[in-house]
Amino acid sequence: MSAKVLTITSGKGGVGKTTATANIGAALAKRGQKVACIDADIGLRNLDVVMGLENRIVYDLVDAVEGRCRLNQAMIKDKYIPGLYLIPSAQTRDKTAVSPSDMIRLCNELRSDLDWILIDSPAGIERGFKNAIAPADEVLVITNPEVSAVRDADRIIGIVEAEEKGSPRLLLNRLNPEMVKQNNMLSADDVVDLLAIHLLGIIPEDKAVLISTNKGTPIALDEKSLAGQAYRNIAQRLLGEDVPLLDLDKGSGFFNRISSVFGSGEK
Amino acid sequence: MDNFIKRIFSKEPSSADQAKDRLRLVLINDRTDLSSEAMESLKDDLLDVLSRYIKIDPKSVRIDITQEGRQQRLIADIPIAGPVSRKY
Ligand SMILES: Nc1ncnc2c1ncn2[C@@H]1O[C@H](COP(=O)(O)OP(=O)(O)OP(=O)(O)O)[C@@H](O)[C@H]1O
Ligand SMILES: [Mg+2]
């Protein structure tokens, strides 16, 4: 085995990096892959709660880097999915405790025992972001269909390309098909046109995301949720399978369409 | 449907179109590190230099930054009005 290191980053905060890391990790592991998710947001630990593993933390990333524990002691096994692990970030320490070369060394140590290493990057373009992309074999840039998020994504894409990490692939999160139809939200085509990188997946705006995060269970395991389906499809594409983009109009059935013709549908 | 009719009868572009147009300009500025004022003075300077050699009608000149993938390109379309009258 030699793991592929995939870093999920965004520029703008709050667009869905942590949620994406947890769910792509879950969906890959569900397909039999051995996956470690690393929280690279030092000082603002979050991936642990999103994955529902906050009560199991003994050692963290900084402990592993500074040699207070063996690397596998900082790897927390997931509650639900075999083959899924979390390396949590440190909560209280100074942000410079980890360097880009520490991250490269750590990932190289992990590679031989895993299929995927997913790194949840902090927002911004500071040290934490640099740590997160240093070991990356590929970078995924996540954004929302919204002006400031797209602008920041463009900055990040420029930086990732300048670091010779190749062209990142795009995840478009929180798309609202209804608003796109009303011409009140940038469409996936618009965003791809502007950013000019390959689109790996579209995740719709979905209330079920917050509900599953409340519970600390991945939405990717929810068979009924459209966002869950989107994450499962993204995992399949990462595994090289050719899965068409989700038909986001599936929710609006025949009656919805009829009523919208008569002007009482969408508002 | 409401929206469709509204769009036909109103001159204002949809908010998605406005977002896209605004972003297009912002991204060009960000990527080239060139503000729209700087772009204007680039055009003026360029025409200044060119008109030392050829006669240019400034109204028919088009100078734009276009996007090809993530590559920015400065495209100038400058019809030559005639030879410049040289004073020897
Ligand atoms: N597809 C979605 N539909 C609805 N809500 C979503 C979706 N994706 C993410 N969210 C919500 O958006 C919020 C921010 O998500 P998340 O914490 O993953 O972002 P982040 O990019 O990691 O933020 P930060 O920059 O602070 O680390 C959360 O409340 C999450 O539940
Ligand atoms: Mg986060």
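The values are calculated or read from the model by the stated rules, or taken from the named source; none is laboratory data. Small disclaimer: the values here were computed from a predicted structure and weren't measured. Every residue, glycine among them, receives a Cβ derived from its backbone with ideal geometry; neighbour counts consider all protein chains shown. SASA here: full protein model, heavy atoms, side chains in, ligands and nucleic acids out. Shrake-Rupley method; radii C 1.70, N 1.55, O 1.52, S 1.80 Å.
The numbered conditions (1) at pLDDT below 85; (2) farther than 30 Å from A:Leu175 by Cβ; (3) assigned to a helix (DSSP H, G or I) are all true for B:Leu34 except (3).
For A:Ile142, the test of being in contact with a Leu (Cβ under 8 Å, 6 or more places away or on another chain), modelled with pLDDT of 95 or more, within 11 Å of another protein chain (Cβ to nearest Cβ) and over 16 Å from B:Leu25 (Cβ atoms) is failed. Scanning the range A:33-41 for residues that are of a type in the set (A, V, I, L, M, F, W, C) and more than 24 Å from A:Gly201 (Cβ to Cβ) turns up nothing.
Can we say A:Asp206 is farther than 27 Å from A:Met51 by Cα and either away from chain B (no Cβ under 14 Å) or of a type in the set (Phe, Trp, Tyr) (or both)?
no
In the range A:87-105, the count of residues that are within 15 Å of ligand 1 (Cβ to nearest atom), in contact with a Ser or Thr (Cβ under 6 Å, 6 or more places away or on another chain), in contact (Cβ under 8 Å) with a residue 40 or more places away in the chain and open to solvent by less than 10 Å² (accessible area, probe 1.4 Å) is zero. Return yes when A:Glu109 is open to solvent by 40 Å² or more (accessible area, probe 1.4 Å), under 20 Å from A:Gly11 (Cβ atoms) and either over 19 Å from the mean Cα position of the chain (by Cα) or at pLDDT 95 or above (or both) and no when it is not. Judged against the criteria, A:Glu109 is not a match.
Yes/no per residue for (1) free of Cβ contacts under 8 Å to residues at least 40 places away in the same chain; (2) over 18 Å from the mean Cα position of the chain (by Cα); (3) away from chain A (no Cβ under 12 Å):
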| site | (1), (2), (3) |
| --- | --- |
| B:Ala16 | yes, yes, no |
| B:Asp21 | yes, no, no |
| B:Ile28 | no, no, no |
| B:Leu34 | yes, no, yes |
| B:Met39 | yes, no, yes |
| B:Val49 | yes, yes, yes |
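The residue of the range A:44-71 that is nearest to A:Leu6 (Cα to Cα), among those that are charged (D, E, K, R) and open to solvent by 50 Å² or more (accessible area, probe 1.4 Å), is A:Arg45.
Within the range A:197-217, the set of residues being over 16 Å from A:Asn176 (Cβ atoms) and open to solvent by 20 Å² or more (accessible area, probe 1.4 Å) comprises A:His198, A:Leu199, A:Ile211, A:Thr213, A:Asn214, A:Lys215, A:Thr217. Note on the range A:1-38: residues that are near ligand 1 (Cβ under 10 Å from one of its atoms) and either surrounded by 24 or more Cβ atoms within 10 Å (Cβ to Cβ) or more than 14 Å from chain B (Cβ to nearest Cβ) (or both) total 15.
Would you confirm, using the coordinates I've provided, whether A:Asp41 is within 14 Å of another protein chain (Cβ to nearest Cβ), within 16 Å of ligand 2 (Cβ to nearest atom) and open to solvent by 10 Å² or more (accessible area, probe 1.4 Å)?
Here the answer is no, as A:Asp41 does not meet what is asked.
Checking each residue in the range A:1-18 for being among the hydroxyl-bearing types (Ser, Thr, Tyr) and touching a Ser or Thr at 6+ places or on another chain (Cβ under 7 Å) picks out A:Ser2, A:Thr7, A:Thr9, A:Ser10. If the condition is being away from ligand 2 (no atom under 13 Å from the Cβ) and within 13 Å of the chain's Cα centre (by Cα), then the range A:6-35 contributes A:Leu6, A:Ile24, A:Gly25, A:Ala26, A:Ala27, A:Leu28. Quick one: is A:Pro168 modelled with pLDDT of 95 or more, closer than 24 Å to A:Asp115 by Cα and either within 16 Å of the chain's Cα centre (by Cα) or away from chain B (no Cβ under 14 Å) (or both)? Considered against the rule, which asks whether it is modelled with pLDDT of 95 or more, closer than 24 Å to A:Asp115 by Cα and either within 16 Å of the chain's Cα centre (by Cα) or away from chain B (no Cβ under 14 Å) (or both), A:Pro168 comes out as yes. Pairs meeting the criteria (first residue in the range A:194-216 and over 21 Å from A:Leu47 (Cα atoms) and away from ligand 2 (no atom under 16 Å from the Cβ), second residue among the acidic types (Asp, Glu) and assigned to a helix (DSSP H, G or I), beta carbons under 8 Å, at least 6 apart or on different chains) are A:Leu194/A:Asp154; A:Leu195/A:Asp154.
Listed residues A:Arg174, A:Arg155; which is in contact (Cβ under 8 Å) with a residue 24 or more places away in the chain, open to solvent by 40 Å² or more (accessible area, probe 1.4 Å), within 15 Å of ligand 1 (Cβ to nearest atom) and touching a strand residue (DSSP E or B) at 6+ places or on another chain (Cβ under 8 Å)? Just a single option satisfies the conditions, and that option is A:Arg174. If you check A:Ala162 against the conditions, is it at pLDDT 95 or above and more than 8 Å from chain B (Cβ to nearest Cβ)? It is false that A:Ala162 is at pLDDT 95 or above and more than 8 Å from chain B (Cβ to nearest Cβ).
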